[in-house]
Amino acid sequence: MFSFDVKFRTALEKGLQWERALNLFDEMKSKNMPVTVVSYGSAISACEKGLQYRQCLEYLDEMTEMGIKKNVIIFGAAMSCMEKSCRADIGFQLMDRMKLEDVAPNVHIYNSAISACARCNLWKKGYELFEEMDQIRVARDVVTYNAVLDAVSSEVELGRKLFKEGTYHEWNMEHLLEWGIDLTCKFCLSFKTRRSRKGILCPSLSTWNSVA
């Protein structure tokens with residue numbers, strides 16, 4: 001058990017060896033070696049690295065069948081897998097599943113969901129999740145704001161509002177500068193796609209800094 005566990009974790013930590021990690025995990029199960037919530041967490045993290053969202057879902061179902069209680073870390077890894085795989089739709093289902101299994105979402109769950117919305121061009125849903133965090137008292141962080149700014153990059157006025165809101169938080173200036181640069185770049189790209197149709201000029205960083 002020890003040697004397999006070490007090999008499994010070593011393969012996972014290598015990053016690029018996610019497939020080997022999953023093979024070792026399946027071998028552990030085939031040899032009837034005990035697997036725990038930690039083992040499944042590592043396997044689901046390997047799924048994230050390999051963008052294996054279907055395998056991730058299979059592991060979640062296995063945990064249910066085996067009576068292994070899933071925690072927020074497990075769901076967090078699964079949500080991250082859905083985000084990286086651009087499967088926001090499944091991510092939303094996982095959030096519903098968390099409610100059914102009485103697992104409270106944290107900021108990392110919401111950050112992954114909002115980032116998935118950004119990847120899938122679902123700005124309305126991303127902003128809805130951002131607002132929902134306030135309603136259920138999940139504190140936002142700088143990652144949350146970066147994610148929602150990414151999600152609403154096509155909505156200039158909303159992005160401006162969120163950027164100003166973000167500057168009121170007591171995070172360091174490095175993060176604020178990061179927002180300004182990101183926001184300018186994202187809106188520049190959005191503007192460029194509509195420039196010939198609407199004749200809107202691309203804003204500069206100083207323009208966005210002036211509204212903060």
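Filtering the stretch 62-118 down to residues that are hydroxyl-bearing (S, T, Y) and touching a Leu at 6+ places or on another chain (Cβ under 7 Å), which residue is nearest to F130 (Cα to Cα)? Checking each candidate, the answer is Y110.
Among residues that are at pLDDT below 90, within 16 Å of the chain's Cα centre (by Cα) and not assigned by TED's automatic domain parsing to the domain that holds S80, D150 is included. I'd like to check something: does the stretch 92-115 contain any residue that is outside any loop (DSSP other than H, G, I, E, B), within 30 Å of I68 (Cα to Cα), at pLDDT 90 or above and among the aromatic types (F, W, Y)? Yes, the stretch 92-115 has at least one match. Is there a residue being at pLDDT 95 or above, among the hydrophobic types (A, V, I, L, M, F, W, C) and assigned to a helix (DSSP H, G or I) anywhere in the stretch 22-36? No, there is no match, as no residue in the stretch 22-36 is at pLDDT 95 or above, among the hydrophobic types (A, V, I, L, M, F, W, C) and assigned to a helix (DSSP H, G or I).
Just the residues that are of a type in the set (S, T, N, Q) and surrounded by 15 or more Cβ atoms within 10 Å (Cβ to Cβ), please, taken from the stretch 115-136.
Once the filter is applied, which keeps residues that are of a type in the set (S, T, N, Q) and surrounded by 15 or more Cβ atoms within 10 Å (Cβ to Cβ), the stretch 115-136 yields only S115.
R54 passes every criterion in (1) modelled with pLDDT under 95; (2) surrounded by fewer than 20 Cβ atoms within 10 Å (Cβ to Cβ); (3) out of contact with any helix residue (DSSP H, G or I) (no Cβ under 7 Å at 6 or more places or on another chain) apart from (1). May I ask you to verify whether A46 is in contact with a helix residue (DSSP H, G or I) (Cβ under 6 Å, 6 or more places away or on another chain), at pLDDT 95 or above and of a type in the set (G, A, S)? So A46 does not fit the description; no. One residue is enough: does the stretch 121-135 have a residue meeting the conditions within 10 Å of the chain's Cα centre (by Cα) and either within 24 Å of S42 (Cα to Cα) or not assigned by TED's automatic domain parsing to the domain that holds A46 (or both)? Scanning the stretch 121-135 turns up no residue that is within 10 Å of the chain's Cα centre (by Cα) and either within 24 Å of S42 (Cα to Cα) or not assigned by TED's automatic domain parsing to the domain that holds A46 (or both).
The values are calculated or read from the model by the stated rules, or taken from the named source; none is laboratory data. Remember, it's a predicted structure, so these values are computed and weren't measured experimentally. We place every Cβ from the backbone using ideal geometry, glycine too, and count neighbours over all the protein chains shown.
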